[in-house]
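Asks: Got a structure for you, questions after.
Nothing in this text is a laboratory measurement; each read-out follows from the coordinates by a stated rule. Worth saying up front: this structure is predicted, and the values here are computed from it rather than measured. Positions of Cβ are backbone-derived with ideal geometry, glycine not excepted, and every protein chain shown enters the neighbour counts.
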Amino acid sequence: MSKLSVSVAFIITLTLTSLAFILDDLLALAFLSTLPLALTIKNIKKVKWVYLLLLISLVGVLVNALMFSNKGAILFLVFGLPVRWGALIAFFKVSLKLLLIAGAGSWFILSYSPFEVARGLERELGLPKGVSFSVAYAFRLMPLLARDFKEIQDMRVQRGRRKIPLTPMDLASMLTPLLRVGYERAFWAGVAVELKGFRLRRVKHEFKLFYRNGYLQDFSADGAR
Amino acid sequence: MLRVRGLRARYSDGPGREVIEGASLEVGDGEVALLTGASGSGKTTIILAVTGVLKFLMNGVVSGVVELDGLNPLSLEGFSKLPAEVGVVLQDPDKQIAMPTPIGELVFTLENLGYSTRDAVGRSISLLNRFGLASKASQHVDDLSLGEKRKLTIASAIIHQPSLVILDEPTASLDPWSTRTVVELVSSMKKSGSTILVVEHKPFYFKSVADKIFTLENGRVERIDLDTGSSHPRVGEKKRRSVGGIVLRVENLVAGYGEPILTVDELHVGGGEVVAVVGPNGSGKTTLLKTIAGFIKPVGQGRIEKASCFYLPQHPDFTFISTTVERELRDAARSVGFSELASLFPWFEQARRANPFTLSHGQRRWLANLIAYGYSRKLILMDEPSTGLDDNMLRELERIVGLLASRGAGILVSTHDPRLLMDLADRAYSVEGDRLVERDPVDLAIEMYRVAGVRFE
């Protein structure tokens, strides 16, 4: 089945994200933010953390709206605090903007494998090989970092410390082992890729609108014969 | 052919110590050579020096002669041509694999060397098929088992058919089943004419395929007799420890993350006893230890009766929370006094104000063990403590574990390392299918060595 190329999807995602910053019309924002949401709703579980973060940030959005845009007619009272029309509109506007950014990002993440993303950025958009390698390596490292972080949290709980860092000392004692192990990994990955000839890498640039049969199939059709 | 003459290497151009002091070795076409030596003897440094990495990427100082099929990797021109001629497998697959998917890793290697994407993808799919990884080609690398990751690093090193393949500790962290696969892969590479240098501190695994063996000691390389250098581990007499009251009893427990992974009908550990839980990579050993420690909820009803316990992760660094060794030990002095803990740390006086992260690997492991003992003098759960340890470092580990056991701590160790069973464990449980079965540790160790292809006469 054919699908949009990474470069086209990247440009669309970037455009939607920019529109989230530019647009001010509530209806337009509502329309645009439901589009990527509708496209990703089937696999939303895979990006639940994005929406979880969005929900958490909405608390901040509400506080901001109440502090800086609480103007106009009073609609209702919350714990004695009047909530006015302006605060409600501002809350919805910023929430929809965030939903649009989250939805566009999620759509991009869910539509392509890390392999396709890293290669698409390098091959189709012509990003420098160092940048596309960093993107690919970030995809590689994220699960490892998450695993290490969980292990460090477990150790802290076992030693009677907070699981979530609240003070600079907490943060330092959690980040030190994480960075130390991360640095060691990055160092050896650097040696490994140099031994694989990364400095010699020259990739032909080729812009594609669509992958007709999926990325791998398109490129392996002749080679696998 | 690889020919090294009078190789000298150090890590900086200042007055730093020379790690390699005039090493010479030769590996002929189609030969498999083993390079063995203790941890810290410079085995990895030789690889970095011979491939030019130490000189050109790490600002090290390397002199001597290195010839690889007419190529001199110590010249800038030779170094830039080296990736096409050499495939290198580093010790830890997690540190070596740079791409998020297996297909990405292989295609990346080939494209670097100038292959078209079409050729690269075709070749990669075909090699993944040969290595039994085709069904996982587009999965995230982190979903692969350790054995599969190792296979992937080997595939990535040979995909461009280099004339020399160098493998650095390829069996580190692997269970005997995966070890056997690696040995078989080396054997098949040898049959296809590759020249192979295996750096390994357990050379007996490769005895059946090796043509020659070198040892590295005090910065010098010496060729030794193949039989002497790769003799298999011996079954020695084990001291019996006196066992106190039960500190852990587990009955009818199903461990897993929501889905059952491992069923334990009965498991117990006495005070002062070292008990091993043995099984292949990914068989649920860590999950069991974390369930006992209380990090994971058991699946269904099960009974865990335990004294207070402390779980030690594979990576000792994750245990530390303070900025000095002294603070770590003071903080850990819960079930044991600080002075007792300090007296058990042999380097305490020199290192009391040092940051734990600045200690050597062996010292960090020792410190992590003492922290565990400080928190719980009765029961310590150790997750794969021998990963990546050579025999000397293993002796150190045995010393600290033996010391804690002699003070009455019951120790439950998850491992797939037969050396721990042979020398350290009083009793053992083996993962068979999805159940835990009690076995004699020495019999189990011999069986594991045999699985890995080591022959006991």
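Asks: Out of segment B:302-326, which residues are in a loop (DSSP other than H, G, I, E, B) and in contact with a helix residue (DSSP H, G or I) (Cβ under 9 Å, 6 or more places away or on another chain)?
Replies: To start, the set of residues in segment B:302-326 that are in a loop (DSSP other than H, G, I, E, B) comprises B:302, B:307-308, B:313-315, B:320-324.
Within segment B:302-326, B:Gly302, B:Ser308, B:Pro313, B:Gln314, B:His315, B:Phe320, B:Ile321, B:Ser322, B:Thr323, B:Thr324 meet the criteria.
Asks: Follow-up question, since we're still on this one. I'd like to verify a number: residues in segment A:199-214 that are in a helix (DSSP H, G or I) and either basic (Lys, Arg) or more than 7 Å from chain B (Cβ to nearest Cβ) (or both), how many? Please lay out each step first, then the result.
Replies: Applying the first criterion (in a helix (DSSP H, G or I)) to segment A:199-214 yields A:199-200.
Narrowing the set further to residues that are either basic (Lys, Arg) or more than 7 Å from chain B (Cβ to nearest Cβ) (or both) leaves A:199.
Number of matching residues: 1.
Asks: If only one of B:Ala342, B:Ala276 is part of a helix (DSSP H, G or I) and of a type in the set (Gly, Ala, Ser), which one is it?
Replies: Details: B:Ala276 fails: part of a helix (DSSP H, G or I).
Every option except B:Ala342 fails the conditions.
Asks: I want to confirm something. Restricting to segment A:143-176 and keeping residues that are over 19 Å from B:Arg327 (Cβ atoms) and of a type outside the set (A, V, I, L, M, F, W, C), which single residue is farthest from the other protein chains (Cβ to nearest Cβ)?
Replies: Restricting to residues being over 19 Å from B:Arg327 (Cβ atoms) and of a type outside the set (A, V, I, L, M, F, W, C), the top hit is A:Lys163.
Asks: Show the residue pairs that are 6+ apart or on different chains and have beta-carbon atoms under 7 Å apart, the first residue being within segment A:168-188 and within 15 Å of B:Thr358 (Cβ to Cβ), the second being surrounded by fewer than 17 Cβ atoms within 10 Å (Cβ to Cβ) and not β-branched (Val, Ile, Thr).
Replies: A:Thr176/B:Phe357; A:Arg180/B:Phe357
Asks: Further, regarding this structure: For segment A:120-131, check the following and say yes or no: at least one residue is in a helix (DSSP H, G or I), free of Cβ contacts under 8 Å to residues at least 40 places away in the same chain and either crowded, with 20+ Cβ neighbours inside 10 Å or within 10 Å of chain B (Cβ to nearest Cβ) (or both).
Replies: Quick first cut of segment A:120-131, residues in a helix (DSSP H, G or I) only: A:120-123, A:129-131.
Imposing the further condition that a residue be free of Cβ contacts under 8 Å to residues at least 40 places away in the same chain reduces the set to A:130-131.
Now drop any that are not either crowded, with 20+ Cβ neighbours inside 10 Å or within 10 Å of chain B (Cβ to nearest Cβ) (or both), which leaves none.
Looking through segment A:120-131, none of the residues is in a helix (DSSP H, G or I), free of Cβ contacts under 8 Å to residues at least 40 places away in the same chain and either crowded, with 20+ Cβ neighbours inside 10 Å or within 10 Å of chain B (Cβ to nearest Cβ) (or both).
Asks: How many residues are aliphatic (A, V, I, L, M) and facing chain A (nearest Cβ under 7 Å) if we restrict to segment B:99-122? Full working, then the answer.
Replies: Pass one, segment B:99-122, residues aliphatic (A, V, I, L, M): B:99, B:103, B:106-107, B:110, B:113, B:120-121.
With the extra rule that they be facing chain A (nearest Cβ under 7 Å), the set shrinks to B:99, B:103, B:113, B:121.
Here the count works out to 4.
Asks: Inside segment A:177-198, can you point out the residues that are farther than 12 Å from B:Asp317 by Cβ, in a helix (DSSP H, G or I) and at the interface with another protein chain (Cβ under 7 Å from one of its Cβ atoms)?
Replies: The initial filter retains those residues of segment A:177-198 that are farther than 12 Å from B:Asp317 by Cβ, namely A:185-198.
Now restrict to residues that are in a helix (DSSP H, G or I): A:185-195, A:198.
A:Arg185, A:Trp188, A:Ala189, A:Val191, A:Ala192, A:Val193, A:Glu194, A:Leu195, A:Phe198 - these are the residues of segment A:177-198 that are farther than 12 Å from B:Asp317 by Cβ, in a helix (DSSP H, G or I) and at the interface with another protein chain (Cβ under 7 Å from one of its Cβ atoms).
Asks: Now, a different point. Would you mind listing the helices (runs of 4 or more DSSP H) fully within segment B:123-229 where at least 3 residues are buried (at least 20 other Cβ atoms within 10 Å of the Cβ) and within 14 Å of chain A (Cβ to nearest Cβ)? Working first, answer last.
Replies: Working: elements: B:146-158, B:176-191, B:226-229.
Of the helices (runs of 4 or more DSSP H) lying wholly inside segment B:123-229, those with at least 3 residues that are buried (at least 20 other Cβ atoms within 10 Å of the Cβ) and within 14 Å of chain A (Cβ to nearest Cβ) span B:146-158.
Asks: Could you list, in sequence order, all residues of segment B:20-49 that are of a type in the set (Val, Ile, Thr) and either under 21 Å from B:Thr171 (Cβ atoms) or surrounded by fewer than 21 Cβ atoms within 10 Å (Cβ to Cβ) (or both)?
Replies: Here is the first cut: in segment B:20-49, the ones of a type in the set (Val, Ile, Thr) are B:20, B:27, B:32, B:36, B:44-47.
Those that are of a type in the set (Val, Ile, Thr) and either under 21 Å from B:Thr171 (Cβ atoms) or surrounded by fewer than 21 Cβ atoms within 10 Å (Cβ to Cβ) (or both): B:Val27, B:Val32, B:Thr36, B:Thr44, B:Thr45, B:Ile46, B:Ile47.
Asks: Next question, about the same structure. Is it the case that segment A:47-65 has a residue that's over 23 Å from the mean Cα position of the chain (by Cα), exposed (fewer than 14 other Cβ atoms within 10 Å of the Cβ) and without any contact (Cβ under 8 Å) to a residue 12 or more places away in the chain? Full working, then the answer.
Replies: Start the filter on segment A:47-65 by keeping residues that are over 23 Å from the mean Cα position of the chain (by Cα), which leaves A:63-65.
Next, only the ones that are exposed (fewer than 14 other Cβ atoms within 10 Å of the Cβ) stay: A:63.
This time we only want the ones that are without any contact (Cβ under 8 Å) to a residue 12 or more places away in the chain, so: A:63.
Yes, that holds for at least one residue.
Asks: Hey, any hits in segment B:357-371 for a residue that's in a helix (DSSP H, G or I), buried (at least 18 other Cβ atoms within 10 Å of the Cβ), of a type in the set (Lys, Arg) and in contact (Cβ under 8 Å) with a residue 40 or more places away in the chain?
Replies: The initial filter retains those residues of segment B:357-371 that are in a helix (DSSP H, G or I), namely B:357-358, B:361-371.
Now drop any that are not buried (at least 18 other Cβ atoms within 10 Å of the Cβ), which leaves B:362-371.
Remaining after also requiring of a type in the set (Lys, Arg): B:364-365.
If we keep only those that are in contact (Cβ under 8 Å) with a residue 40 or more places away in the chain too, we end up with B:364-365.
Yes, because at least one residue in segment B:357-371 is in a helix (DSSP H, G or I), buried (at least 18 other Cβ atoms within 10 Å of the Cβ), of a type in the set (Lys, Arg) and in contact (Cβ under 8 Å) with a residue 40 or more places away in the chain.
Asks: Moving on to the next point. For segment A:37-60, indicate whether the set of residues that are of a type in the set (D, E, K, R) and under 28 Å from A:Glu124 (Cβ atoms) is non-empty.
Replies: Step one: of segment A:37-60, the residues of a type in the set (D, E, K, R) are A:42, A:45-46, A:48.
Filter once more, so that each one left must be under 28 Å from A:Glu124 (Cβ atoms): A:42, A:46.
Yes, segment A:37-60 contains a residue that is of a type in the set (D, E, K, R) and under 28 Å from A:Glu124 (Cβ atoms).
Asks: Helices (runs of 4 or more DSSP H) wholly in segment B:54-121 with at least 2 residues that are closer than 26 Å to A:Lys204 by Cβ and among the charged types (D, E, K, R) - which ones? Talk me through it step by step, then tell me what you get.
Replies: Values: elements: B:76-85, B:93-96, B:102-112.
Qualifying helices (runs of 4 or more DSSP H): B:76-85, B:102-112.
Asks: What is the residue count in segment B:394-430 for residues that are touching a Phe, Trp or Tyr at 6+ places or on another chain (Cβ under 8 Å) and in a helix (DSSP H, G or I)? If you could, list the steps in order and put the result at the bottom.
Replies: Kept after step one, since they are touching a Phe, Trp or Tyr at 6+ places or on another chain (Cβ under 8 Å), are these residues of segment B:394-430: B:396, B:400, B:404, B:407, B:409, B:418.
If we keep only those that are in a helix (DSSP H, G or I) too, we end up with B:396, B:400, B:404, B:418.
The total comes to 4.
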